[in-house]
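The values are calculated or read from the model by the stated rules, or taken from the named source; none is laboratory data. All figures in this text were calculated on a predicted structure; none of them were measured in a lab. Quick reminder, even Gly has a Cβ in these numbers, built from the backbone with ideal geometry, and neighbours come from all protein chains shown.
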Amino acid sequence: MGKHPLLSEKRGEKQLLLGNEAIVRGALEAGVNMITCYPGTPSSEVVDTFRRIGGDGRYKMEYSVNEKVAMEVACGAALAGAMSLVTMKHVGLNVAADPLFTTAYTGLPGGLVILSADDPGCHSSQNEQDNRGYARMAHLPCFEPASAEEARAMTRAAFALARDLQQPVLLRTTTRVSHMRGAVTFHTLPQAAQTVPFQREPMRYVPLPAVARKRHAALNNAMQRAQEIADQSPFNIETSHAETKLGIIASGVARDYLADALISGGWTDKVDLLELGMTWPLPEKKLSAFLKNHSHVLVLEEGADFLERDVRALCQRIGADVSIEGKDEILTDMGEYSRSLVMQRLAKWFSCPCPLNPAPTPRTDLPGRPPNLCPGCSHRSVYYAARQVFGDEAIYSSDIGCYTLGVVPPMRMADFLFCMGSSISGGSGFSEVSEKTVVSFIGDSTFFHSGMTGLANAVFNQHKLLLVILDNGTTAMTGHQPNPGMLQEALGEGCSHLDIEQIVRAFGVSQCKKVSSYNLRGLIKAMTEFKDLPGIRVLIAQEPCVLYARRTLGKRQPNVAQVVEQNDDTRRCLKELACPAFYMKGEDVAVDQNLCSGCMVCLQVAPKSFKAVKREGGRP
Amino acid sequence: MSQDKRLRIFFTGVGGQGTLTATNLLARTALMNNLEVVAGEVHGMAQRGGVVESVLLLGGWRSPKLDHGEADLILGFEPLETLRALPYLRHGGSVFSSSDPLPPLSVSLGVSSYPDLETIQSDIQKVASQCTFLPCRELGTKAGSVQSGNTVLLAAACASGVLPITLEMLSQGIKTFLPEKHQASNLEALKLAEAYLKSAAQ
């Protein structure tokens, strides 16, 4: 196999890249030595791309067990002198915040760039927090690309700055930027960066109170330098027209919507622009001059009103007599911006009509197509068993992964969820004050992420909980990334398998059973036995993710299910198991052979209704 | 490229159909022909059997997300999803869609009903100046793989002249960007689409 196109050494070569792939190219151009991550949409393609391209020995990388660990490994590597990258989704940075705040004090000579991929609009997330707040709170220089090309260029610049200042630097994208494709022009591809030799310096790197107080001042000095750099940054661009007193300050993906809105409205010559790509520290000199030169300024930023508030504060400080506008009822802090929203906001600001064409009216009577557990998904049978055993009597504490989709009827297997790993600890707290049985569901990757600490706590504090570990042997939702529970043969060299049952038992859980997720009778028996027992009970339901089994492990069942009898049980199976491979053929229930994975759970639900038959041809 | 050649294309389909692969193929083909390209996708949870939407912008548009009434062209890989995406079309835009339904679960389970194809077509014709339905699954299967049915749709759009991408460019794109083992079926799908359009026009 030849070298991957992303490793092309041809300067000036142009490729169409995903924003996240462009970040990989930018990091390679900077000479990145070490990459760590915890996968999470919309960040995952960055590290998956590093894994796929191999890298010719340029870098080391790992899938860490959670974001805090990923951050600490990357910080350790950066302290040892490596140019390091750590990637995660926005909520991951909450998990990783502890080491981040303090390494900003000590500094990291090798250089650390943190990718936070935010998710305004909650495409795949539980909230839409705006991680530009972390730049302000932890004192991190921050870059916000708005195109694939900028993703490359700003990543490269972020590394240069991280090494120059010896400070962690935040690269903040949003879903639309991470998953945008655009033309990227390659810069030269150097060898991996030289590492910076570690100088033993405990009075810097061991933040005892006396050290930390001094380092806070050092951090402030570094950020002052960063501010001068931001004022000179080629990513902070002013576009001026001589005649206007109207100015717009914009950052992030709002710049894209603004560019299209100005052209669509015919307003290009009406306003001056100050577009910010290096958004923290604020380029105060540039901003001050812009504010003083305009009578009316509109601030456009998707997400929170950070920039707007900072601009307002700056105006007060420099005594600029300028009207500032920003968030309002059109552009709020909720969801995503768009071209037409920005057009409406601009029209209001200009006090002119908005030239938007009417759109066709959406039909509200169309059958929906919500995401669902796949046909043959090993979680479905576990949820079916739990519903049989507990019905609506138990409280279901869910967690983050494909299995969160168990919330959908007819399973209804999620009553609450906070964050990664919360099923166990949240469930523990709930059961302390509730008479109801609490059943917690957690996946294998999430168990390693932060379920283990919750389990240790549950044993230590003698909580009462039935924990079901849905072990499908991979990190399924984000694209089958490795985790410690993955089989050794799938992990290959360089990673070691950890056995979940051994861990659970080592934590002191004696009531622990392991059952195949496709063994319905075994699941129901185990749950029934565990139902009224006190203390911590752990059921490990194990069967590989059906997509992973097929695509990666090359396993495919030779048989599929077929309906042989239409009776009440057949219809009950359709209604209660609700496998997407079922469909109604007139009045009859049928199985789509192309969709059926051959898990044969339906044969156990309704033995007289289904039988296994040999798969005919089927999908490739 | 002048601004009047700026085009916004909305792709819609069902998770697993290859909507994003088709978007990427057309995007890379466009870039190879020196067009300005931005494409937008959403990955993750939606891909588990849900609706998958993407956009392709040609000629200098930058917004990676479309609003209702903004698309010049909808490429629908599933008829119900084409109808669902219709509000994204500007009045007078074009629609190319597969005519092969993939019923959502609620329809399979008999809880809701799938709109009939005539209703879908007539709804679309109220908005679109051009509306072409193709039996993508049938032609794809005939060409050698169900997935190459997506190329049938791309080819139909290219053949119609609404795109600044010709059939020859698409053919070249297939040869350049698709893995070798998929090239033959996709090139065949392109031919079948051309033949189908000719026979339909007669």
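Of the residues making up region B:9-27, not a single one is over 25 Å from A:Cys122 (Cβ atoms), modelled with pLDDT under 90 and within 11 Å of another protein chain (Cβ to nearest Cβ).
Table: residues versus (1) more than 8 Å from chain A (Cβ to nearest Cβ); (2) out of contact with any Leu (no Cβ under 9 Å at 6 or more places or on another chain); (3) of a type in the set (A, V, I, L, M); (4) not in a helix (DSSP H, G or I).
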position: B:Asp72; (1), (2), (3), (4): yes, no, no, yes
position: B:Leu80; (1), (2), (3), (4): no, no, yes, no
position: B:Val107; (1), (2), (3), (4): no, no, yes, no
position: B:Glu118; (1), (2), (3), (4): yes, yes, no, no
position: B:Gly140; (1), (2), (3), (4): yes, no, no, no
position: B:Gln147; (1), (2), (3), (4): yes, yes, no, no
position: B:Asn150; (1), (2), (3), (4): yes, no, no, no
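The number of residues in region A:475-494 being buried (at least 22 other Cβ atoms within 10 Å of the Cβ) and either away from chain B (no Cβ under 14 Å) or in a helix (DSSP H, G or I) (or both) comes to 3.
B:Ala46 meets each of the listed conditions (1) more than 7 Å from chain A (Cβ to nearest Cβ); (2) at pLDDT below 95; (3) in contact with a Ser or Thr (Cβ under 9 Å, 6 or more places away or on another chain) apart from (1). Considering the conditions (1) buried (at least 22 other Cβ atoms within 10 Å of the Cβ); (2) more than 9 Å from every other protein chain (Cβ to nearest Cβ), B:Leu89 is excluded by exactly one of them, (2).
Against the test of being buried (at least 24 other Cβ atoms within 10 Å of the Cβ) and without any contact (Cβ under 8 Å) to a residue 40 or more places away in the chain, the options A:Ala96, A:Ala27, A:Ala22 yield a single qualifying residue, A:Ala96. Restricting the search to strands (runs of 3 or more DSSP E) fully inside region A:243-356 and requiring at least 1 residues that are in contact with a strand residue (DSSP E or B) (Cβ under 8 Å, 6 or more places away or on another chain) and surrounded by fewer than 24 Cβ atoms within 10 Å (Cβ to Cβ) gives A:246-251, A:272-276, A:296-300, A:323-325. Answer yes or no: is there a residue in region A:380-388 that is surrounded by fewer than 24 Cβ atoms within 10 Å (Cβ to Cβ), part of a loop (DSSP other than H, G, I, E, B) and either outside the structural domain of A:Asn127 (by TED's automatic domain parsing) or out of contact with any strand residue (DSSP E or B) (no Cβ under 9 Å at 6 or more places or on another chain) (or both). No: region A:380-388 contains no residue that is surrounded by fewer than 24 Cβ atoms within 10 Å (Cβ to Cβ), part of a loop (DSSP other than H, G, I, E, B) and either outside the structural domain of A:Asn127 (by TED's automatic domain parsing) or out of contact with any strand residue (DSSP E or B) (no Cβ under 9 Å at 6 or more places or on another chain) (or both). When region A:184-230 is filtered for residues that are in contact with a helix residue (DSSP H, G or I) (Cβ under 6 Å, 6 or more places away or on another chain) and hydroxyl-bearing (Ser, Thr, Tyr), only A:Tyr205 remains.
So which of A:Ala506, A:Ala526 ends up being more than 24 Å from A:Ala606 (Cα to Cα) and of a type in the set (A, V, I, L, M, F, W, C)?
A:Ala506
Could we say that B:Ser63 is more than 21 Å from A:Pro580 (Cα to Cα), free of Cβ contacts under 8 Å to residues at least 60 places away in the same chain, more than 8 Å from chain A (Cβ to nearest Cβ) and of a type outside the set (Phe, Trp, Tyr) here? So B:Ser63 does not fit the description; no. If you go through region A:408-436 and keep only what is within 20 Å of the chain's Cα centre (by Cα), closer than 19 Å to A:Ala541 by Cβ and in a helix (DSSP H, G or I), you end up with just A:Ser423.
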